[in-house]
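The values are calculated or read from the model by the stated rules, or taken from the named source; none is laboratory data. All values derive from a computational prediction rather than experimental measurement. A quick note on method: Cβ atoms are made from the backbone with ideal geometry, for glycine too, and the neighbour counts reach across all protein chains shown. Heavy atoms of the whole protein, side chains included, go into the accessibility calculation; ligands, DNA and RNA do not. Shrake-Rupley method; radii C 1.70, N 1.55, O 1.52, S 1.80 Å.
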Amino acid sequence: NPAINFNPNNHTQHITPSFDVQWENKIILTNLEKKHGITLTLSPNYLETLKNTPLDEETKQFLKDKHKKAEELIDNIHKRQETMKKLVEIIVTNQSRFIQKGWLYLVPLLQKDLAKIVGISPSTISRILSSKYIQTPHGTTLLRQLCPRNHFGKTALRLRKVIADIIQKNPHLSDAKISHHLQSEGLPIARRTVTKYRHQAGLNTSFTRKQQN
């Protein structure tokens, strides 16, 4: 079946994480790419040829140029691996409570802040976070998922949980009153934002909740 890969019902995706992080009274981080990935080295035969074989000047210069490019490639890959390691170490250190307890304990972590700390461009950070996976005690996920946006000092998931808890304790409160309550607690959230997170949590309006009670 030469066209089987074009079958719209055949979309099995195999994810290979680049890192593994676990909690055993401390963070245990493993670089899976370094542990199981390909190791690049220069061929001993190539180096022997360049070093000891009588060669004409043109061939020798050609081999020297190739040798230099190969060394630059290996050096760039090593630098990239070190940058990746540093980036992931920063992420897992900031998200240690998530590693211990789960998704609800993620904290906001902005990509632009990571870019400043690591010393690379925000676009490079975005590209790395959108393409690399990490294996955690709570499932395998994109690194991007461990860098949630800041919603008044909380993640969207945490904010949704806060609103859901308020509704559970005070089912009679309208979205406007919940907004007022949150503002009094130092969270300047508009009524429409409360409505959005209430919908995401699958909760009814205060009017419907009163009828149900």
Report summary line: Filter the stretch 30-51 for residues that are open to solvent by less than 60 Å² (accessible area, probe 1.4 Å) and within 42 Å of the chain's Cα centre (by Cα); the one that is nearest to Ile99 (Cα to Cα) is Thr30
Requested in this report: State the number of residues belonging to the stretch 52-69 that are acidic (Asp, Glu) and open to solvent by less than 70 Å² (accessible area, probe 1.4 Å).
Outcome: 0
Query - Subset of the stretch 72-108 [more than 17 Å from the chain's Cα centre (by Cα) and under 23 Å from Gly119 (Cβ atoms)] - result: Glu72, Leu73, Ile74, Asp75, Asn76, Ile77, His78, Lys79
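Find the residue count for the stretch 32-79, including only residues that are aromatic (Phe, Trp, Tyr) and modelled with pLDDT of 85 or more.
Start the filter on the stretch 32-79 by keeping residues that are aromatic (Phe, Trp, Tyr), which leaves 46, 62.
Restricting the remaining residues to those that are modelled with pLDDT of 85 or more gives 62.
Qualifying residue count, the stretch 32-79: 1.
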Query raised in the report: When the stretch 70-101 is examined, which residues are found to be closer than 19 Å to Arg149 by Cβ and open to solvent by less than 80 Å² (accessible area, probe 1.4 Å)?
Result: Leu87, Ile90, Ile91, Val92, Asn94, Gln95, Phe98
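Condition check ((1) without any contact (Cβ under 8 Å) to a residue 12 or more places away in the chain; (2) in contact with a helix residue (DSSP H, G or I) (Cβ under 6 Å, 6 or more places away or on another chain); (3) among the hydrophobic types (A, V, I, L, M, F, W, C)) across all residues:
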| site | (1), (2), (3) |
| --- | --- |
| Ile15 | no, no, yes |
| Asp20 | no, yes, no |
| Lys34 | no, no, no |
| Thr39 | yes, no, no |
| Lys51 | yes, no, no |
| Asp56 | yes, no, no |
| Leu73 | no, no, yes |
| Lys85 | no, no, no |
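Can you work out which of the residues in the stretch 172-213 that are of a type in the set (Gly, Ala, Ser) and over 22 Å from Leu110 (Cβ atoms) is least open to solvent (accessible area, probe 1.4 Å)? Talk me through it step by step, then tell me what you get.
Going through the stretch 172-213, the residues of a type in the set (Gly, Ala, Ser) turn out to be 174, 176, 179, 184, 186, 190, 201-202, 206.
Going one step further and asking which of them are over 22 Å from Leu110 (Cβ atoms), we end up with 174, 176, 179, 184, 201-202, 206.
On the way: Ser174: 34, Ala176: 53, Ser179: 7, Ser184: 86, Ala201: 41, Gly202: 63, Ser206: 22 Å².
Among them, the one singled out is Ser179.
Please work out if Tyr133 is under 28 Å from Val92 (Cβ atoms) and open to solvent by less than 50 Å² (accessible area, probe 1.4 Å). Steps first, please.
On the way: under 28 Å from Val92 (Cβ atoms): yes; open to solvent by less than 50 Å² (accessible area, probe 1.4 Å): no.
Answer is no for this residue.
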Report summary line: Of the listed residues (Lys169, Lys116), the one being under 26 Å from Glu82 (Cβ atoms), loosely packed, with under 14 Cβ neighbours inside 10 Å and over 15 Å from the mean Cα position of the chain (by Cα) is Lys116
Query - Residues of the stretch 102-112 satisfying the condition of being touching a helix residue (DSSP H, G or I) at 6+ places or on another chain (Cβ under 7 Å) and either among the β-branched types (Val, Ile, Thr) or surrounded by 15 or more Cβ atoms within 10 Å (Cβ to Cβ) (or both) - result: Trp103, Tyr105, Leu106, Val107, Leu109, Gln111
